[in-house]
1. Please sort 114-126, 75-87, 35-47 by packing, taking for each peptide the average over its residues of neighbouring beta carbons within 10 angstrom, highest first.
2. Give the label of the value calculated from the structure for Cα extents along the principal axes in Å, choosing from (i) 54, 41, 22; (ii) 44, 39, 30; (iii) 47, 38, 27.
3. Compute the helix-to-body angle for 2-16: its Cα long axis versus the longest principal axis of the chain, expressed 0 to 90° and rounded to tens.
Amino acid sequence: MRTLLLSILLAAVSAIQAATITFTGVVDKSSQFSVGDVFTATFQFDPHKGRVIRYLITVGNEFSLSGTKGGGMIALDNNLAHGSVYYQVINSDLTEITLQAATPNGVIPPIDQFNLNDFSLFASTFGHLTSLPIIQGLK
């Protein structure tokens, strides 16, 4: 019983120390999904190191993939004072996601005006993001 309680406590502490980012977009080209299918990728990651701890990726209503290995790293800078913002999933075995835009006058432009806005899944499905990522748990 003590081991079970310790495991639950460690899981709760681990979850508290994690951040979550969710990307949403649509498929533009694919051999396995339909153009226009909604793409959603949620990554739980270590906010200090960027390492993905867990992920859930869905495409349309038919495909869902989740796991803990191979999720890659999250790289982001959403500080408007730096002159640009970026949100990336890198070194992932599954997907690459990139959003980047300049922030003139400290304002994030609409997503359709981002310089870089794309994702790939399994290197055979490509699309663009339709909204800024939702980030939770970052300070």
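1. Numbers: 114-126: 16.7, 75-87: 14.4, 35-47: 18.6.
The densest-packed peptide leads the list: 35-47, 114-126, 75-87.
2. It is the value labelled (i).
3. 20 degrees
Each reported figure results from applying straightforward, stated rules to the coordinates on display, with no laboratory input. Being a predicted model, the structure only gives us computed values, none of them experimental. All Cβ positions, even for glycine, are placed from backbone atoms using ideal geometry, and neighbour counts span all protein chains on display.
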